[in-house]
Amino acid sequence: MRLSRSCAPGLRAGSKTITKESMSIFPTLRKIETYVLENYPFMAGGFERGRTEFGNEWEKAFEETLSAVLLDDDALFKAADGYVDFAVDALKLHNRFEKEREYVNKTYDEAAKEVYHNPEYMHSLYLPGILLSHFLWPHHYRQRLFFEGTFLADMRRAKAVAFFDIGIGSGYYSRLMLKALPGARGHGFDVSESSKAYTERQLDAFGVLDRYEVRLGDITQGDPEATTRWLTSVEVLEHLEDPITFLKGLRRMLESGGKAFITAALDAPNADHIYLYQSPEEVITQLLDAGFNIEQYHLAAAYVPKQRDLSVPKIAAFVVT
């Protein structure tokens with residue numbers, strides 16, 4: 001049963017107070033923060049942590065996303081509910097993972113049925129959860145900063161005119177590229193109709209949908225003529241039973257002289273995570289085996305563990321050629 005959706009100002013968030021005055025600076029961000037603080041106080045620390053670690057630019061970026069994609073209070077609060085469910089599910093799975101040190105056994109087909117081809121789950125929990133996690137999970141926001149400072153900066157310098165995004169999720173990274181490259185066109189690839197719809201809605205909200213097309217299907221079975229000089233695939237590998245075959249498919253799609261941004265989640269159980277990576281070296285080995293050369297890489301942890309022997313969810317991101 002959901003708690004009431006109220007937004008009374010003046011509630012405390014961490015060491016700061018959300019006031020009517022602060023509401024006027026980033027109103028949508030303040031509204032969702034107050035809602036989470038009142039209804040899910042155990043989850044409210046993510047807002048203060050993001051503000052403290054990343055400052056005004058984090059607030060501006062978060063406000064931009066919220067105000068464009070979640071157009072009214074009902075959509076905003078439903079997204080908050082979905083994010084909390086998404087985060088709590090991940091926490092429960094991580095507690096189990098600490099004991100068993102393996103992901104819950106599941107095939108890709110089972111995960112696809114339960115998650116990607118389940119519109120109710122995707123739209124009420126999974127996609128809003130992913131969207132908000134880009135800001136509320138520090139390691140996700142650090143990955144964005146790494147992406148913008150390396151791969152996206154290279155795209156801008158090269159005046160890139162096209163890109164592929166494989167496994168589009170909520171459409172977040174496609175949107176970052178389209179906004180940064182006004183002359184570029186993007187092609188997204190995914191297996192989920194729900195991801196396609198959510199991505200198209202986000203891109204439309206930012207006025208860039210006319211430069212984007214989503215293709216549904218498995219890229220390893222796709223068109224051998226579909227190639228690009230710029231390719232992203234963000235947190236897809238851990239969703240697969242056979243990441244190597246997928247990586248080889250990505251390598252075939254990347255033209256000679258092209259560049260890709262590929263990431264993987266480590267020690268990060270989730271409802272649809274199948275392949276367990278426990279170190280960036282495991283990902284590096286697979287990238288090299290698939291024919292990539294590694295130019296740069298970034299590793300970020302979700303938090304500092306209270307004990308050395310505790311596992312921590314991490315993200316490893318690679319710029320490859």
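Just so it is clear, none of the values below were taken in a lab; they were calculated from the coordinates. Just so you know, these numbers come straight off a predicted model, no measurement behind them. Quick reminder, even Gly has a Cβ in these numbers, built from the backbone with ideal geometry, and neighbours come from all protein chains shown.
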Discussion item. Restricting to DSSP loop positions (anything but H, G, I, E, B) with no more than 15 other Cβ atoms inside 10 Å of their own Cβ, which trypsin sites (Lys or Arg not before Pro) remain in region 213-321?
Written reply: 306, 308
Worksheet item: Just one of [x] 32, 57, 12, 0; [y] 29, 55, 15, 0; [z] 32, 60, 8 is P(r) over Cα pairs in 20 Å bins from 0, in percent as worked out from the coordinates here. Which one is it?
Response: [z]
Worksheet item: Under the Karplus relation 6.51 cos²θ - 1.76 cosθ + 1.60, θ = phi - 60°, what is the ordered set of whole-Hz ³J(HN,Hα) values for region 299-305, x standing for Gly and Pro?
Response: 10, 9, 9, 5, 6, 8, x
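Can you give the local net charge around residue 68? Use residues other than it whose beta-carbon is closer than 12 angstrom to its beta-carbon, Lys and Arg +1, Asp and Glu -1.
On the way: positive: 175, 179, 201; negative: 63, 64, 204.
Once positives and negatives cancel, what remains is 0.
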Response to the item:
Residue by residue through region 206-214, the couplings from Karplus 6.51 cos²θ - 1.76 cosθ + 1.60 with θ = phi - 60°, in Hz, x for Gly and Pro, are 9, x, 10, 5, 5, 10, 9, 9, 9
Response to the item:
For the chain, the longest principal axis of the Cα atoms and the Cα long axis of helix 193-205 enclose an angle in degrees, to the nearest 10, of 70
Worksheet entry | Distance from region 275-321 to region 97-143 (C-alpha centre basis), Å | 18
Worksheet entry | GNM result for the chain, Cα springs below 10 Å: residue of 237, 93, 266 fluctuating most strongly | 93
Worksheet item: Can you give the angle from 0 to 90° between the axis of helix 280-289 and the longest principal axis of the chain, with both taken from C-alpha atoms, to the nearest 10?
Response: 30
Item to complete: Among 227, 52, 263, determine the one that fluctuates most according to a GNM of the chain built with springs between C-alpha atoms less than 10 Å apart.
Response: 52
Response to the item:
1/(1 + (r/R0)^6) with r = Cβ-Cβ of residue 252 and residue 159, R0 = 22 Å, i.e. FRET efficiency to nearest 0.05, evaluates to 0.35
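How much of the DSSP bridge set in region 137-320 is antiparallel, in percent, rounded to the nearest 5?
Working: 14 of 31 bridges.
Taking every DSSP beta bridge within region 137-320, about 45 percent pair in antiparallel fashion.
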Discussion item. From the helices alone, meaning DSSP H stretches of at least four residues, give me the mean residue ellipticity at 222 nm for the chain, per-run term -39500 (n - 2.57), in deg cm²/dmol to the nearest 500.
Written reply: -14000 deg cm²/dmol
Item to complete: Return the single residue from 105, 270, 118 with maximal mean-square fluctuation; model: Gaussian network over the chain, springs between Cα atoms under 10 Å.
Response: 105
Worksheet item: Taking only Cα atoms, what is the 0 to 90° angle, nearest 10, from helix 243-253's long axis to the longest principal axis of the chain?
Response: 70
Response to the item:
Among trypsin sites (Lys or Arg not before Pro) in region 122-164, those in a DSSP loop whose Cβ has at most 15 other Cβ atoms within 10 Å are 159
